[in-house]
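To start, the structure under review is shown below, and the notes come after it.
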Amino acid sequence: MIAVKRLAENSPVPAGKTFETEVTNLMALKHRNVVELVSFCHEAQKKVVQHNGRYVIVDVIESCLCYKYLPQGSLDKHLYADTTSINWDTRFKIIKGICQGLHFLHKELDGPLVHMNLVPSSIWLDDNWVPKIADFGLSRLFGQEQTRMYTINVKGYNGYMAPEYLYRGEISTMSDIYSLGMLILEITTGEKNCAVSEDRSARKFVDNASTSQQP
């Protein structure tokens, strides 16, 4: 079975660019903790639309990515459920797998691949709760000697973007490490990360983590 991801027109970056980036960066990746891209489809169809009172013919581009189907779905659906089946051992297994996948992307390729979108919805789970890093539409591939790059087009989810990326557009492997830290907090506590929260104290996170460990 496969899972099909259709790229929407309101994606964080243009659908064509998202498609090109994700296919290019995923085709060569083979790792236990990285989602497997099986196939893809990218085609344009003519469509008649109304514009400024006139009918015009435009090209409508349809882009789809086909991945190996993962029965447990994405991590966020389990973390934020009213009743969760994720025990502490499984949470640790998920954290470890994400770290191993990220190490592969940063250290084991010809040049670092920075994911730039490490959030619960981009972590998919197989039937054994093995995590797979997915959603590479915002990823950046570095050269062998390159350690950072800059952009004026800052995209991502509030609460997961590293400060140097959010405010200066600086991209490095540390961008993913910041997101990883926020993700680990969510996995251990079961509390959703919000950009603005009334109570973000360390004590609250520790208390929630302790509660998550109880049988």
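Taking residue 174, is it of a type outside the set (S, T, N, Q) and part of a loop (DSSP other than H, G, I, E, B)? So that I can check it myself, show each step before the final result.
Working: of a type outside the set (S, T, N, Q): yes; part of a loop (DSSP other than H, G, I, E, B): no.
Here the answer is no, as residue 174 does not meet what is asked.
For residue 68, work out the one condition from (1) loosely packed, with under 13 Cβ neighbours inside 10 Å; (2) modelled with pLDDT of 75 or more it doesn't fulfil.
(1)
Among the residues of region 91-129, how many are part of a loop (DSSP other than H, G, I, E, B), on the phi < 0 side of the Ramachandran plot and in contact with a Ser or Thr (Cβ under 6 Å, 6 or more places away or on another chain)?
So the count comes out to 3.
For region 156-172, name all the residues that are surrounded by fewer than 15 Cβ atoms within 10 Å (Cβ to Cβ) and either under 26 Å from residue 192 (Cβ atoms) or in contact with a strand residue (DSSP E or B) (Cβ under 6 Å, 6 or more places away or on another chain) (or both). Talk me through it step by step, then tell me what you get.
First, the residues of region 156-172 that are surrounded by fewer than 15 Cβ atoms within 10 Å (Cβ to Cβ): 158, 163, 167-169.
Correct list: 158, 163, 167, 169.
For a quick check of your reading of the model, give me the residue pairs whose first member lies in region 144-161 and is of a type in the set (D, E, K, R), whose second is surrounded by 10 or more Cβ atoms within 10 Å (Cβ to Cβ) and part of a loop (DSSP other than H, G, I, E, B), with beta-carbon atoms closer than 7 Å and at least 6 apart or on different chains.
Taking only residues 6 or more apart or on different chains, the pairs are 148/172; 155/12; 155/13; 155/138.
For residue 131, are the conditions met, namely being crowded, with 16+ Cβ neighbours inside 10 Å, more than 30 Å from residue 47 (Cβ to Cβ), in contact (Cβ under 8 Å) with a residue 12 or more places away in the chain and of a type outside the set (D, E, K, R)?
Judged against the criteria, residue 131 is a match.
Quick check: anything in region 196-210 farther than 19 Å from residue 25 by Cα, charged (D, E, K, R) and at pLDDT 85 or above?
For region 196-210, residues farther than 19 Å from residue 25 by Cα, charged (D, E, K, R) and at pLDDT 85 or above: absent.
The values are calculated or read from the model by the stated rules, or taken from the named source; none is laboratory data. Everything numeric here is computed off the predicted structure, so don't read it as measured data. Neighbour counts are summed over all protein chains in view; Cβ atoms, including those assigned to glycine, are modelled from backbone coordinates with ideal geometry.
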